[in-house]
Amino acid sequence: MTRPPSRNAQRQRAADIVARLKREFPDARCALDFSSPLELLIATILSAQCTDDQVNRVTAALFRKYRTAQDYVDIPLEELEQDIRSTGFFHNKAKSIKHCCQALVERHGGAVPTTMEALVALGGVGRKTANVVLGNAFGIPGIAVDTHVKRLAGRLGLSSQSDPDKIEHDLMALIPRSDWIVLGHLFAAHGRKTCLARTPRCERCGLNDVCPSATV
């Protein structure tokens, strides 16, 4: 009976994967356009079930119109819905943004908090969104488990879980804290270019020799 790899061997393999992706994508960064923590928070809420490119097209005008959390609170829900309509699921997203910004105004003076606990207590904010904001707006390490991270973690054998919180826990145990933020950007870049959802391009993948899901 074959022994499963030791935790140390798993960490070494994970480190190799991250190192290879860093070489391939040296400029990997957050694909959402933002100039403040609030803008990133709103953009991340809008990015659910929507491409980052489309979110950026919408927020180019949105962020000129809404400068503060109070602005989102004051605007009629129907108007906000129309402003974000092309991101999809705009009814729910508009409600989430309104609830979130109401909480920011009431509990934090309109400022975006810098802890996981405070962020997930806002309306419409889960761990993924909180990690995106903490990592990219404040430099606080965390692993944001989006669709790319979930897909690649499974295909690369870094997690057998399907629940995002459990995937996050598995990755945190394997990846050094210093790489938590960049991991999401690397996986997103690799997921968009090579490890596509429906037809992964295994024949051109620089990880195919260490990927248990590779078809070559």
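Any read-out appearing in this document is the output of simple, stated calculations on the displayed coordinates, not a laboratory observation. Bear in mind that the values here come from a model prediction, so they are computed numbers and not experimental data. Glycine gets a Cβ as well: all are built from the backbone with ideal geometry, and neighbour counts include every protein chain shown.
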Practice item. For the range 44-94, compute Rh as the Kirkwood radius over C-alpha pairs and then the Stokes-Einstein diffusion coefficient at 25 °C and 0.890 mPa s; write the answer in µm²/s, rounded to an integer. Key: 223
Review point. So, in nm, how far is label H169 from label R11 when the simple model puts each one 7 Å beyond its Cα toward the Cβ?
Key: 1.9
**Study point:** Crossing angle, helix 90-108 versus the chain [Cα axis fit, 0-90 degrees, rounded to tens]
**Key:** 80
Exercise for review: Show me 147-157, 178-188, 65-75 ranked by packing, highest mean number of other Cβ atoms within 10 Å first.
Suggested key: 178-188, 147-157, 65-75
Point to revise | When the convex hull of its Cα atoms is projected in every direction, mean area for the range 1-138 (nm²) | key: 11.0
Review point. If you place +1 on the Cβ of every Lys and Arg, -1 on the Cβ of every Asp and Glu, and leave all else neutral, what size is the dipole of the chain about its Cα centre, to the nearest 20 Debye?
Key: 780
Check your understanding: Mind checking the angle between helix 37-46 and the chain's longest principal axis? C-alpha axes, 0 to 90 degrees, to the nearest 10.
Key -> 70
